[in-house]
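What follows is a short report on a single structure.
The values are calculated or read from the model by the stated rules, or taken from the named source; none is laboratory data. Computed from a prediction, not measured in an experiment: that's the story for all the values here. Positions of Cβ are generated from backbone atoms using ideal geometry, with glycine treated the same way; all protein chains shown enter the neighbour counts.
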């Protein structure tokens, strides 16, 4: 069901819509090297084949899963020969280009740079992680988006009616609800949607007059289980954990629980989730509710001796607590400011009255002289200089328990002003 021409191509209107850069380049046959990047089943390879069919250049197709350096060199030698004999340029289409290691990518560099080949690479991996910088700087990176539910519905209906490439040769009736279910459950992946439709059509017993009816129940049976789009080493990994943390920071327990569930169902290491939960409890809740860090740490410990699937329960409990807790990033800002001063400003010497006295001769050197032992004073507190002026780094908020800390700091100052 791959499109025969651009008029059949569905989705990616931000790249191929009227007047868009890639559409204009295709129309004029003026392509530079391209990296087509996006999730599975969104049309990268399909567009690669369309580009190959449209261009007047000779087309060499390579799949990086099976190809090696010798295959690349052979293709490049052919491209050089075509230029030398004035038989035109060569378009080198490489599917799964992220599979090439650095040495293999480096082989492409001189010919991509001097225009010997027009590179069109397709990849599901973020090219800024998986491709070398020199290759990226010489290519136009086009990010593909997952197909919308309406896009997938259009493709499913086309597959049902197409007699040459689809299921049009059979008497298949796809109910609207069933097709929408397949479109929704496929997470923007056309391949997954079409596979589900094919399985449903070929495994459903026909009714009268050989009519194959695909109902919602049939579609659900064909799909069996929704596959969660999640790659533990790529964008989905970082994007989902980012959404999880930001949901807790934004005090939305339901959103945080959804992202937590997505990661765990997809097979993410619960210890990774637990570490981020502990960080969030300290960075974003802090002393506004000190109990958040205690609960998050306990949840992290439970991961170690419970494991999945049971550890998802304490992780969920701690996630809800952190999301619902009052928020303060004062502790994080304080250590960031102090660290910056340590790195960039003159080092503050330890005042003599705070220096260590637990060795012979310390008193002779004047170490610890003038130190006031707080427990000798009412309330266990006594004003004295500790090397840095008070209120330099830590500025408690008025959120939750931190308001008590703030009040404690403010009271002595008010008393001093009155005196």
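Of all the listed residues (52, 103), the sole one being closer than 21 Å to residue 144 by Cα, in contact (Cβ under 8 Å) with a residue 12 or more places away in the chain, over 26 Å from the mean Cα position of the chain (by Cα) and assigned to a helix (DSSP H, G or I) is 52.
Taking the range 264-278 as the range and being surrounded by fewer than 18 Cβ atoms within 10 Å (Cβ to Cβ) and either without any contact (Cβ under 8 Å) to a residue 24 or more places away in the chain or in a loop (DSSP other than H, G, I, E, B) (or both) as the test, the residues that pass are 266, 267, 269. Taking the range 24-59 as the region of interest, how many residues are crowded, with 17+ Cβ neighbours inside 10 Å, at pLDDT below 85 and under 17 Å from residue 140 (Cβ atoms)? The number of residues fulfilling the criteria is 8. The set of residues from the range 106-140 being farther than 15 Å from residue 72 by Cβ, assigned to a strand (DSSP E or B) and in contact with a helix residue (DSSP H, G or I) (Cβ under 6 Å, 6 or more places away or on another chain) comprises 122, 123. Taken together, the criteria exclude residue 327 from residues that are free of Cβ contacts under 8 Å to residues at least 24 places away in the same chain and either out of contact with any helix residue (DSSP H, G or I) (no Cβ under 8 Å at 6 or more places or on another chain) or not in a helix (DSSP H, G or I) (or both).
Residue 208 meets the conditions (1) within 30 Å of residue 329 (Cα to Cα); (2) modelled with pLDDT under 85 in every case but one. The failed one is (1). Take residue 238 and tell me if it is at pLDDT below 85 and closer than 22 Å to residue 316 by Cβ. For residue 238, the condition - at pLDDT below 85 and closer than 22 Å to residue 316 by Cβ - is not met. Every condition in (1) assigned to a helix (DSSP H, G or I); (2) modelled with pLDDT of 85 or more; (3) assigned by TED's automatic domain parsing to the domain that holds residue 178 is met by residue 257 except one, and the failing one is (3).
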